[in-house]
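Student: I'd like to ask you about the structure that follows.
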Amino acid sequence: MKYYILFGPPGAGKGTQAAALAEKYRLRHISTGALLRKEISAGSELGLKAKALIEAGSLVPDEVVEGMIESEFDSVKDVDGFLLDGFPRTLAQAEALDGILSRKGEEVTATLSIMIPDEIIFERIAHRAAIEGRADDADPDTIRNRIDTYHRQTEPLVDYYRKAGKYREADGTGSIEEVRERIFSLMEKV
């Protein structure tokens, strides 16, 4: 089984690119954001807690996210692998993922990072908020907090996966198709 991680700041196009990657390489796309939005939509206790945290630009507790991820690994069959989007976001989560996979006799195959400058992040998130009606994308202070959280907590994972020889980076500027071709090119080298 293959286990890929898709990195990038908010608005980098991870969700857009993940769908194409999942289809082309027979991967199950696991978006922690989508899993959480499903819980929020269902109005579950987890969903209500997650909603308050997300609207403030904060992260949901690790053990909740890790449990959802492991459940997906255990329940999904008939794929060649998984594409994680939005997890891990911290070193602690990366270590927890390593533990989950190790118990299965597996490991992370590769990390694919879509990189874009902060100013483009703001443009893309504002555009997404208008199109998708996502309240978590509408407030500039929330967007700034999400970008700062990404730089502070998630960017250290670049070194973590680079040292493991599992890090690949794509320029996320340009058209959707241009970025997709860059990512497909990275996948062919894994």
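The values are calculated or read from the model by the stated rules, or taken from the named source; none is laboratory data. Model, not experiment: these values are computed from the prediction. No Cβ is skipped: glycine too gets one built from the backbone with ideal geometry, and neighbour counts run over all protein chains shown. In case anyone asks, the SASA skips ligands and DNA or RNA and just uses the protein heavy atoms, side chains included. Shrake-Rupley method; radii C 1.70, N 1.55, O 1.52, S 1.80 Å.
Student: Label 7 Å along Cα→Cβ of Glu169; the range 8-24 residues with amide nitrogen under 18 Å?
Tutor: Counting backbone N atoms under 18 Å from the label point, the list is 8-14.
Student: Sequence neighbours fewer than 8 away in the same chain don't count; with that in mind, list the lysines whose C-alpha is under 21 Å from Lys49.
Tutor: Leaving aside lysines fewer than 8 places away in the same chain, those within reach of Lys49 are Lys38.
Student: Expressed as a rounded percentage, what relative contact order does the chain have, with Cα pairs under 8 Å and six or more residues apart? Each step should come with its number before you reach the end.
Tutor: On the way: 254 pairs, mean separation 61.5, N = 190.
With pairs under 8 Å counted, the relative contact order is 32 percent.
Student: Amide H of Phe82: which non-local residues (sequence gap of 5 or more, or other chain) have their own amide H closer than 5 Å, using H built in the peptide plane?
Tutor: The answer is Lys2, Tyr3, Tyr4, Arg28.
Student: Per residue of the chain, what 222 nm ellipticity follows from adding -39500 (n - 2.57) for every DSSP H run with n ≥ 4, rounded to the nearest 500? Before the final figure, lay out each step's value.
Tutor: Details: 9 runs with 108 residues, N = 190.
For the chain, the value works out to -17500 deg cm²/dmol.
Student: Same structure, new question: Counting only protein heavy atoms and a 1.4 Å probe, tell me what percentage of the chain's accessible area is made up of carbon and sulfur.
Tutor: On the way: 4690 of 9450 Å².
Percent of accessible area from carbon and sulfur atoms in the chain: 50.
Student: I need the peptides 23-36, 62-75 ranked by packing, meaning the mean over residues of other C-beta atoms within 10 angstrom, with the highest value on top.
Tutor: Numbers: 23-36: 17.9, 62-75: 15.3.
Going by the mean number of other Cβ atoms within 10 Å, highest first, we get 23-36, 62-75.
Student: Could I ask something else about it? If you place +1 on the Cβ of every Lys and Arg and -1 on the Cβ of every Asp and Glu, how big does the dipole about the Cα centre of the range 44-190 come out, in debye to the nearest 20? Spell out each step's value before the answer.
Tutor: Numbers: 19 positive and 32 negative charges, 42 e Å.
Approximately 200 debye in magnitude.
Student: Please give the FRET efficiency for Ser185 paired with Thr16, using the beta carbon to beta carbon distance and R0 = 22 Å, rounded to the nearest 0.05. The partial results should precede the final answer.
Tutor: Details: r = 17 Å, r/R0 = 0.77.
The computed FRET efficiency comes out at 0.85.
Student: While we're here: What residue among Ala50, Phe73, Gly86 has its Cα farthest toward the positive end of the dipole of the range 50-90, where the charges are +1 on Lys, Arg and -1 on Asp, Glu, each on the Cβ?
Tutor: Comparing the listed Cα positions along the dipole, Ala50 ranks first.
Student: Can you compute the label reach from Glu119? Point 7 Å from Cα along the Cβ direction, backbone N cut-off under 20 Å, restricted to the range 143-172.
Tutor: 143-148, 151, 171-172
Student: Given the convex hull over the Cα atoms of the range 1-86, what projected area results after averaging over all orientations, in nm²? Please list the in-between numbers first.
Tutor: Values: hull surface 23.1 nm².
The Cα convex hull of the range 1-86, projected and averaged over all directions, gives 5.8 nm².
Student: Could you compute the net charge surrounding Glu177? Neighbours are other residues with a C-beta less than 15 Å from the C-beta of Glu177; K and R count +1, D and E count -1.
Tutor: Working: positive: Lys24, Arg180, Arg182; negative: Glu23, Asp171, Glu178, Glu181.
Once all neighbours under 15 Å are counted, the net charge is -1.
Student: If you don't mind, there's one more thing I want to ask. At most 14 other Cβ atoms within 10 Å and a DSSP loop assignment: could you name the trypsin sites (Lys or Arg not before Pro) in the range 122-190 that fit? Show your work: numbers first, answer last.
Tutor: Details: sites: Arg124, Arg128, Arg134, Arg144, Arg146, Arg152, Arg162, Lys163, Lys166, Arg168, Arg180, Arg182, Lys189; in loops: Arg134, Lys166.
Qualifying residues, ordered by number: Arg134.
Student: With label points built 7 Å along Cα→Cβ from the Cα atoms of Arg152 and Ser102, find their separation and express it in nm.
Tutor: Inter-label distance under the simple model: 2.9 nm.
Student: Now a separate question. Can you pull the one-decimal nm distance between simple spin-label points at Ala130 and Lys77, each 7 Å off the Cα toward Cβ?
Tutor: With each label point 7 Å from Cα toward Cβ, the separation is 4.7 nm.
Student: Taking the range 31-115, which trypsin sites (Lys or Arg not before Pro) meet the DSSP loop condition and have no more than 10 other C-beta atoms within 10 Å? Numbers along the way, then the final one.
Tutor: On the way: sites: Arg37, Lys38, Lys49, Lys51, Lys77, Arg89, Arg103, Lys104; in loops: Lys77, Arg89, Lys104.
Passing both the DSSP loop test and the Cβ count: Lys77.
Student: Further question: Could you go through the range 27-33 in sequence order and give the Karplus-derived ³J(HN,Hα) for each residue, using 6.51 cos²θ - 1.76 cosθ + 1.60 with θ = phi - 60°, rounded to whole Hz, and x for Gly and Pro?
Tutor: Listing the rounded values in order: 10, 8, 7, 10, 9, 5, x Hz.
Student: Mind checking which lysines have their C-alpha under 30 Å from Lys163, skipping anything on the same chain fewer than 8 residues away?
Tutor: Partners within reach: Lys2, Lys14, Lys24, Lys104, Lys189.
Student: Now, a different point. Work through the residues other than Asp80 whose Cβ is under 12 Å from its Cβ and net out their charges, Lys, Arg +1 and Asp, Glu -1.
Tutor: +3
Student: Of Ile121, Ile54, Ile40, which is the most mobile in a GNM of the chain whose springs link Cα atoms less than 10 angstrom apart?
Tutor: Ile40
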